[in-house]
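Have a look at the structure below before the remarks.
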Amino acid sequence: MEALRAEHLSKHYGAGATLVRALTDVSLRLESGAVCALLGPSGSGKSTLVKALGLVSLPDAGRIWMGGRLVVDGDAALGSLDVLRRRHLGFVFQKANLIPFLSARKNVELACEIGGVEPPRRRTDELLAYLELAHRADAMPTELSGGEQQRVAVARALANRPAILLADEPTAALDRERGRAVMELFARVAHEQGTAVLVVTHDHRTLDLFDLSYEMEDGRLKA
Ligand SMILES: Nc1ncnc2c1ncn2[C@@H]1O[C@H](COP(=O)(O)OP(=O)(O)OP(=O)(O)O)[C@@H](O)[C@H]1O
Ligand SMILES: [Mg+2]
(Lines give C-alpha, C1' and ligand atoms only; values in the text may rest on other atoms or scores of the structure.)
(Ligands and ions follow the chains in the order given, each with its own letter.)
Protein backbone atom coordinates (compact mmCIF):
# COMPACT_ATOMS: atom_id res chain seq x y z
CA MET A 1 0.00 0.00 0.00
CA GLU A 2 1.23 3.45 -0.85
CA ALA A 3 1.81 5.54 2.29
CA LEU A 4 3.35 8.58 0.64
CA ARG A 5 3.67 9.84 -2.89
CA ALA A 6 5.50 12.96 -3.99
CA GLU A 7 5.49 14.27 -7.54
CA HIS A 8 7.67 16.88 -9.18
CA LEU A 9 8.89 18.54 -5.98
CA SER A 10 11.12 21.56 -6.42
CA LYS A 11 12.61 23.89 -3.85
CA HIS A 12 15.15 26.69 -3.93
CA TYR A 13 16.87 28.77 -1.28
CA GLY A 14 18.05 32.37 -1.73
CA ALA A 15 17.97 34.44 -4.91
CA GLY A 16 20.24 35.88 -7.58
CA ALA A 17 23.90 35.12 -6.93
CA THR A 18 23.04 33.07 -3.81
CA LEU A 19 20.32 30.98 -5.49
CA VAL A 20 20.53 27.28 -4.59
CA ARG A 21 18.30 24.76 -6.36
CA ALA A 22 18.04 22.28 -3.49
CA LEU A 23 15.36 20.09 -5.13
CA THR A 24 14.60 19.75 -8.83
CA ASP A 25 11.64 17.70 -10.04
CA VAL A 26 11.83 15.01 -7.35
CA SER A 27 9.21 12.25 -7.42
CA LEU A 28 9.09 9.22 -5.13
CA ARG A 29 6.78 6.73 -3.42
CA LEU A 30 7.05 5.17 0.02
CA GLU A 31 5.25 1.87 0.57
CA SER A 32 3.77 0.72 3.87
CA GLY A 33 5.94 -1.95 5.46
CA ALA A 34 9.09 -1.04 3.54
CA VAL A 35 12.26 0.65 4.74
CA CYS A 36 13.94 2.86 2.20
CA ALA A 37 17.41 4.46 2.28
CA LEU A 38 18.13 7.95 0.95
CA LEU A 39 21.77 8.34 -0.07
CA GLY A 40 23.83 11.08 -1.67
CA PRO A 41 26.72 13.46 -1.09
CA SER A 42 26.66 16.37 1.33
CA GLY A 43 24.58 19.23 -0.05
CA SER A 44 22.69 17.04 -2.53
CA GLY A 45 19.31 17.92 -0.98
CA LYS A 46 18.53 14.94 1.28
CA SER A 47 17.56 16.99 4.34
CA THR A 48 15.61 19.43 2.17
CA LEU A 49 13.63 16.51 0.74
CA VAL A 50 12.98 15.02 4.19
CA LYS A 51 11.81 18.42 5.46
CA ALA A 52 9.47 18.79 2.51
CA LEU A 53 8.03 15.27 2.95
CA GLY A 54 7.81 15.89 6.69
CA LEU A 55 5.80 19.08 6.11
CA VAL A 56 8.45 21.01 8.01
CA SER A 57 9.50 23.24 5.14
CA LEU A 58 7.17 23.05 2.15
CA PRO A 59 8.42 22.81 -1.44
CA ASP A 60 7.95 25.65 -3.96
CA ALA A 61 6.17 23.36 -6.38
CA GLY A 62 4.95 19.78 -6.68
CA ARG A 63 2.41 17.63 -4.86
CA ILE A 64 2.48 15.30 -1.86
CA TRP A 65 -0.13 12.64 -0.99
CA MET A 66 -0.29 10.85 2.34
CA GLY A 67 -2.56 7.85 2.83
CA GLY A 68 -4.05 8.59 -0.60
CA ARG A 69 -5.01 12.17 0.27
CA LEU A 70 -3.45 15.23 -1.29
CA VAL A 71 -1.80 17.17 1.55
CA VAL A 72 0.51 19.58 -0.29
CA ASP A 73 -0.24 21.29 -3.59
CA GLY A 74 2.61 23.55 -4.69
CA ASP A 75 3.70 25.68 -1.76
CA ALA A 76 0.38 25.30 0.07
CA ALA A 77 -0.75 22.70 2.60
CA LEU A 78 -4.30 21.34 2.43
CA GLY A 79 -5.07 21.56 6.12
CA SER A 80 -3.23 22.45 9.30
CA LEU A 81 0.41 21.37 9.16
CA ASP A 82 0.37 20.46 12.85
CA VAL A 83 -2.64 18.21 12.39
CA LEU A 84 -1.26 16.61 9.23
CA ARG A 85 2.09 15.90 10.87
CA ARG A 86 0.46 14.44 13.97
CA ARG A 87 -1.87 12.28 11.88
CA HIS A 88 0.70 10.88 9.45
CA LEU A 89 4.30 11.42 10.51
CA GLY A 90 7.02 10.51 12.97
CA PHE A 91 10.53 11.98 12.95
CA VAL A 92 13.96 10.90 14.15
CA PHE A 93 16.95 13.22 13.82
CA GLN A 94 20.73 12.87 14.07
CA LYS A 95 20.63 13.70 17.76
CA ALA A 96 17.99 12.21 20.03
CA ASN A 97 17.14 15.66 21.49
CA LEU A 98 15.45 14.15 24.54
CA ILE A 99 14.15 16.55 27.14
CA PRO A 100 17.07 16.44 29.60
CA PHE A 101 15.09 16.76 32.83
CA LEU A 102 12.62 13.99 32.02
CA SER A 103 13.22 10.24 32.29
CA ALA A 104 13.10 8.01 29.22
CA ARG A 105 9.56 7.04 30.18
CA LYS A 106 8.40 10.65 30.60
CA ASN A 107 9.94 11.67 27.28
CA VAL A 108 7.85 9.02 25.53
CA GLU A 109 4.75 9.66 27.61
CA LEU A 110 4.84 13.36 26.79
CA ALA A 111 4.90 12.52 23.07
CA CYS A 112 1.89 10.24 23.61
CA GLU A 113 0.03 13.03 25.40
CA ILE A 114 0.85 15.58 22.70
CA GLY A 115 -0.20 13.06 20.07
CA GLY A 116 -3.53 12.56 21.81
CA VAL A 117 -2.86 8.83 22.27
CA GLU A 118 -5.10 7.30 24.94
CA PRO A 119 -4.13 6.16 27.46
CA PRO A 120 -0.61 7.61 27.23
CA ARG A 121 0.77 5.45 30.02
CA ARG A 122 -0.19 2.16 28.39
CA ARG A 123 1.12 3.21 24.96
CA THR A 124 4.38 4.30 26.64
CA ASP A 125 4.80 0.90 28.31
CA GLU A 126 4.05 -0.82 25.01
CA LEU A 127 6.65 1.27 23.15
CA LEU A 128 9.34 0.88 25.79
CA ALA A 129 8.84 -2.89 25.77
CA TYR A 130 8.85 -3.03 21.97
CA LEU A 131 12.11 -1.10 21.80
CA GLU A 132 13.64 -3.20 24.59
CA LEU A 133 13.96 -0.22 26.87
CA ALA A 134 11.68 -1.28 29.70
CA HIS A 135 14.63 -1.85 32.04
CA ARG A 136 15.92 1.69 31.31
CA ALA A 137 12.53 3.42 31.59
CA ASP A 138 13.39 5.43 34.68
CA ALA A 139 16.85 6.47 33.53
CA MET A 140 17.53 10.11 32.70
CA PRO A 141 18.82 10.91 29.19
CA THR A 142 22.37 11.55 30.46
CA GLU A 143 22.39 8.06 31.98
CA LEU A 144 21.59 6.44 28.63
CA SER A 145 24.08 5.44 25.95
CA GLY A 146 23.84 7.14 22.57
CA GLY A 147 22.15 4.07 21.13
CA GLU A 148 19.65 3.90 23.97
CA GLN A 149 18.87 7.61 23.60
CA GLN A 150 18.20 7.06 19.92
CA ARG A 151 15.89 4.13 20.75
CA VAL A 152 13.93 6.44 23.07
CA ALA A 153 13.76 8.94 20.20
CA VAL A 154 12.34 6.18 17.96
CA ALA A 155 9.80 5.27 20.66
CA ARG A 156 8.78 8.93 20.86
CA ALA A 157 8.47 9.15 17.06
CA LEU A 158 6.15 6.11 17.06
CA ALA A 159 3.89 7.44 19.83
CA ASN A 160 1.04 8.45 17.51
CA ARG A 161 1.34 5.29 15.36
CA PRO A 162 2.48 7.21 12.30
CA ALA A 163 2.06 5.57 8.90
CA ILE A 164 5.27 7.31 7.80
CA LEU A 165 8.54 7.53 9.73
CA LEU A 166 11.26 9.90 8.49
CA ALA A 167 14.80 9.77 9.86
CA ASP A 168 17.63 12.14 8.89
CA GLU A 169 21.02 10.54 9.57
CA PRO A 170 19.77 8.89 12.78
CA THR A 171 22.99 6.92 13.31
CA ALA A 172 25.58 9.56 12.39
CA ALA A 173 26.47 10.13 16.05
CA LEU A 174 26.74 6.43 16.89
CA ASP A 175 29.57 3.94 16.52
CA ARG A 176 29.25 1.27 13.87
CA GLU A 177 27.72 -1.42 16.03
CA ARG A 178 25.17 0.80 17.77
CA GLY A 179 24.39 2.49 14.46
CA ARG A 180 23.62 -0.85 12.88
CA ALA A 181 21.38 -1.83 15.81
CA VAL A 182 19.34 1.36 15.32
CA MET A 183 19.10 0.70 11.56
CA GLU A 184 17.87 -2.84 12.33
CA LEU A 185 15.20 -1.24 14.45
CA PHE A 186 13.91 0.84 11.52
CA ALA A 187 13.67 -2.29 9.39
CA ARG A 188 11.80 -4.05 12.21
CA VAL A 189 9.37 -1.16 12.62
CA ALA A 190 8.66 -1.21 8.88
CA HIS A 191 8.23 -4.96 8.64
CA GLU A 192 6.35 -5.56 11.90
CA GLN A 193 4.27 -2.39 12.21
CA GLY A 194 3.67 -1.77 8.52
CA THR A 195 5.21 1.68 8.73
CA ALA A 196 6.71 3.33 5.63
CA VAL A 197 10.22 4.30 6.73
CA LEU A 198 12.65 6.63 4.95
CA VAL A 199 16.17 6.90 6.39
CA VAL A 200 18.87 9.32 5.22
CA THR A 201 22.24 7.66 5.65
CA HIS A 202 25.85 7.86 4.52
CA ASP A 203 26.62 4.36 5.74
CA HIS A 204 26.73 1.95 2.80
CA ARG A 205 27.57 -0.91 5.18
CA THR A 206 23.99 -1.04 6.44
CA LEU A 207 22.35 -1.00 3.00
CA ASP A 208 21.64 -4.73 3.25
CA LEU A 209 18.97 -3.85 5.85
CA PHE A 210 16.94 -1.75 3.40
CA ASP A 211 14.25 -2.88 0.98
CA LEU A 212 15.00 -0.09 -1.46
CA SER A 213 17.38 2.82 -1.87
CA TYR A 214 17.20 6.19 -3.57
CA GLU A 215 20.20 8.36 -4.31
CA MET A 216 20.28 12.15 -4.64
CA GLU A 217 22.70 14.22 -6.66
CA ASP A 218 22.50 17.99 -7.09
CA GLY A 219 18.89 18.11 -5.95
CA ARG A 220 17.76 15.33 -8.27
CA LEU A 221 16.73 11.82 -7.35
CA LYS A 222 18.28 8.85 -9.10
CA ALA A 223 16.56 5.50 -8.63
N1 LIG B 1 17.98 27.13 5.07
C2 LIG B 1 18.80 27.17 4.00
N3 LIG B 1 19.12 28.34 3.40
C4 LIG B 1 19.92 28.38 2.32
N5 LIG B 1 20.45 27.30 1.73
C6 LIG B 1 20.17 26.10 2.28
C7 LIG B 1 19.33 25.97 3.45
N8 LIG B 1 19.24 24.66 3.76
C9 LIG B 1 19.97 23.99 2.83
N10 LIG B 1 20.53 24.85 1.94
C11 LIG B 1 21.34 24.47 0.77
O12 LIG B 1 20.59 23.55 -0.01
C13 LIG B 1 21.42 22.50 -0.50
C14 LIG B 1 20.91 21.17 -0.02
O15 LIG B 1 21.08 21.10 1.40
P16 LIG B 1 20.64 19.85 2.27
O17 LIG B 1 20.79 20.23 3.69
O18 LIG B 1 19.29 19.41 1.81
O19 LIG B 1 21.72 18.76 1.83
P20 LIG B 1 22.02 17.31 2.43
O21 LIG B 1 22.01 16.37 1.28
O22 LIG B 1 21.11 17.03 3.56
O23 LIG B 1 23.52 17.45 2.96
P24 LIG B 1 24.26 16.75 4.24
O25 LIG B 1 24.59 15.36 3.81
O26 LIG B 1 25.47 17.59 4.43
O27 LIG B 1 23.32 16.81 5.39
C28 LIG B 1 22.83 22.83 -0.03
O29 LIG B 1 23.49 23.51 -1.07
C30 LIG B 1 22.60 23.73 1.16
O31 LIG B 1 23.69 24.62 1.34
MG1 LIG C 1 21.38 16.70 5.62
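The values are calculated or read from the model by the stated rules, or taken from the named source; none is laboratory data. Worth saying up front: this structure is predicted, and the values here are computed from it rather than measured. Here the Cβ positions follow ideal geometry from the backbone for every residue, glycine too, while neighbour counts run over all protein chains shown. The area values use the complete protein model at the heavy-atom level, side chains included, leaving out ligands, DNA and RNA. Shrake-Rupley method; radii C 1.70, N 1.55, O 1.52, S 1.80 Å.
For this structure, a couple of remarks:
- Counting residues in region 61-84 that are in contact with a Ser or Thr (Cβ under 9 Å, 6 or more places away or on another chain) and more than 30 Å from residue 140 (Cα to Cα) gives one or more.
- Of the residues making up region 102-117, those that are closer than 19 Å to residue 86 by Cα, more than 18 Å from the chain's Cα centre (by Cα) and outside any helix (DSSP H, G or I) are 116, 117.
- Residue that is nearest to residue 13 (Cα to Cα) [pool: residues in region 78-97 that are buried (at least 17 other Cβ atoms within 10 Å of the Cβ) and of a type in the set (Gly, Ala, Ser)]: 90
Yes or no, residue by residue, for (1) in contact with a strand residue (DSSP E or B) (Cβ under 9 Å, 6 or more places away or on another chain); (2) in contact (Cβ under 8 Å) with a residue 40 or more places away in the chain; (3) of a type in the set (D, E, K, R); (4) surrounded by 14 or more Cβ atoms within 10 Å (Cβ to Cβ):
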| residue | (1), (2), (3), (4) |
| --- | --- |
| 24 | yes, yes, no, yes |
| 34 | yes, yes, no, yes |
| 44 | yes, yes, no, yes |
| 70 | yes, no, no, no |
| 99 | no, yes, no, no |
| 112 | no, yes, no, yes |
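- Residues of region 1-20 that are among the charged types (D, E, K, R) and either surrounded by fewer than 17 Cβ atoms within 10 Å (Cβ to Cβ) or away from ligand 1 (no atom under 15 Å from the Cβ) (or both): 2, 5, 7.
- Within region 185-216, restricting attention to residues that are open to solvent by 90 Å² or more (accessible area, probe 1.4 Å) and charged (D, E, K, R), the residue that is nearest to residue 33 (Cα to Cα) is 192.
- Those residues of region 210-223 which are assigned to a strand (DSSP E or B), within 16 Å of ligand 1 (Cβ to nearest atom) and in contact with a strand residue (DSSP E or B) (Cβ under 9 Å, 6 or more places away or on another chain), in sequence order: 213, 214, 215, 216, 220, 221, 222
- Condition check for residue 57: within 16 Å of ligand 1 (Cβ to nearest atom) and either under 21 Å from residue 1 (Cα atoms) or exposed (fewer than 15 other Cβ atoms within 10 Å of the Cβ) (or both): yes
- All told, residue 163 falls short of being within 16 Å of ligand 1 (Cβ to nearest atom), touching a His at 6+ places or on another chain (Cβ under 9 Å) and not acidic (Asp, Glu).
- Residue within region 145-156 that is within 16 Å of ligand 1 (Cβ to nearest atom) and touching a Pro at 6+ places or on another chain (Cβ under 9 Å) present: no
- Restricting attention to region 1-46, the residues being touching an Asp or Glu at 6+ places or on another chain (Cβ under 7 Å) and of a type in the set (S, T, N, Q) number 3.
- Any hit, region 175-197, residues being touching a Phe, Trp or Tyr at 6+ places or on another chain (Cβ under 9 Å) and within 16 Å of ligand 2 (Cβ to nearest atom): no
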